[in-house]
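We did not get these values from a lab; they are worked out from the coordinates using the rules stated. For clarity, every value in this text was computed on a predicted model and none was experimentally measured. Positions of Cβ are backbone-derived with ideal geometry, glycine not excepted, and every protein chain shown enters the neighbour counts.
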Amino acid sequence: MDEEERIRLADERLALECDKLREEIAKLRAPVKFSEKLPQYSTAVSTLIAVLVFLLGLGQYTKEQSKNREAAARQTKAEVEARDRTFMYPLWERQLALYFEASQAAATIATTTDSQERERAKNKFWMLYEGPLIVVESPSVSGAMKAFGECLEQQSGDLRDLSRQLSSAIQKSIEEGANIRLSEFSKGKFDYRR
């Protein structure tokens, strides 16, 4: 092989490589079809879908956990309220009975003309004042009982008016105490241990 032949073969080879490069450049410049791009993007799209599904699942899980916590809190609150009502019921019954006894004793003292009946009512009033009523009375009933007792001791003032005030205080105390919880029962009451 002579020198000319080698140059000719090298030229042909360069010409073929140039043609190949032109074709590759033409391919690169030509618009790429979507079907050809799909394999490139499928991994990214799959990853994106997986992340979205994970985030949606996480959001749903968080929402369900929140609902479960709220339901458990409502259930606990309902159980505490039911326990309080069960415990408080006998106390409320006793409070109501003592309130009616105090109101009746005060009304009898204020209205009766029978001295024996009046004396029994006074004894009843003072017995309630000094003992059982302290356990259940509200501050307003305590104040009304005190005002009636002071008027009774001093034998001055309008016992009828004070008897009505006591009954009104009892009525208000019953209304306010209807939905009171055990933890609130002794709030505001006078503590005689001091």
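Calculate the dipole size of the chain relative to its Cα centre from +1 charges on Lys and Arg beta carbons and -1 charges on Asp and Glu beta carbons; express the result in debye to the nearest 20.
The dipole of the chain has a size of about 860 debye.
Specify which residue in the list G177, T113, S156 is farthest towards the positive end of the charge dipole of the chain, using unit charges on the beta carbon of Lys, Arg (+1) and Asp, Glu (-1), about the Cα centre.
My answer, from the dipole projection, is T113.
Give a residue-ordered list of calculated ³J(HN,Hα) values for the range 117-127 (Karplus: 6.51 cos²θ - 1.76 cosθ + 1.60, θ = phi - 60°; whole Hz; x for Gly, Pro).
5, 5, 5, 4, 5, 5, 4, 4, 4, 5, 5
Please give the length that would be gained between R118 and E12 if that part of the chain were fully extended, namely 0.36 nm times their separation in residues minus their C-alpha to C-alpha distance (nm, one decimal).
Extending this stretch completely gives an extra 24.2 nm.
Which three numbers, in whole Å and largest first, are the semi-axes of the equivalent ellipsoid of the range 90-184 derived from its Cα gyration tensor as √(5λ)?
Output for the range 90-184: semi-axes of 24, 13, 11 Å.
Could you work out how much longer the chain between V135 and A72 gets when fully extended? Use 0.36 nm per residue separation minus the Cα distance between them, nm to one decimal.
Computed gain between V135 and A72 is 19.2 nm.
Residues of the range 83-116 with the amide nitrogen closer than 17 Å to a label point 7 Å from the Cα of D161, along Cα-to-Cβ, please.
107, 110-111
Pairwise over distinct Cα atoms, reciprocal of the mean inverse distance: report the Kirkwood radius of the range 1-138 in Å, one decimal place.
Value: 25.7 Å, from the Cα pair sum.
Applying the Karplus parametrisation 6.51 cos²θ - 1.76 cosθ + 1.60 with θ = phi - 60° to the phi angles of the range 8-20, what ³J(HN,Hα) value in whole Hz is obtained for each residue in order, glycine and proline being reported as x?
4, 5, 5, 5, 4, 4, 5, 5, 5, 5, 5, 4, 4
Just want the answer: with Cβ charges of +1 for Lys and Arg and -1 for Asp and Glu, which residue in Y99, L58, S46 is farthest toward the dipole's positive end in the range 1-119?
It is Y99, whose Cα lies furthest towards the positive end.
Round to the nearest 10 and give me the degree value, 0 to 90, for the angle of helix 34-111's Cα axis relative to the longest principal axis of the chain.
With both axes taken from Cα atoms, the answer is about 0 degrees.
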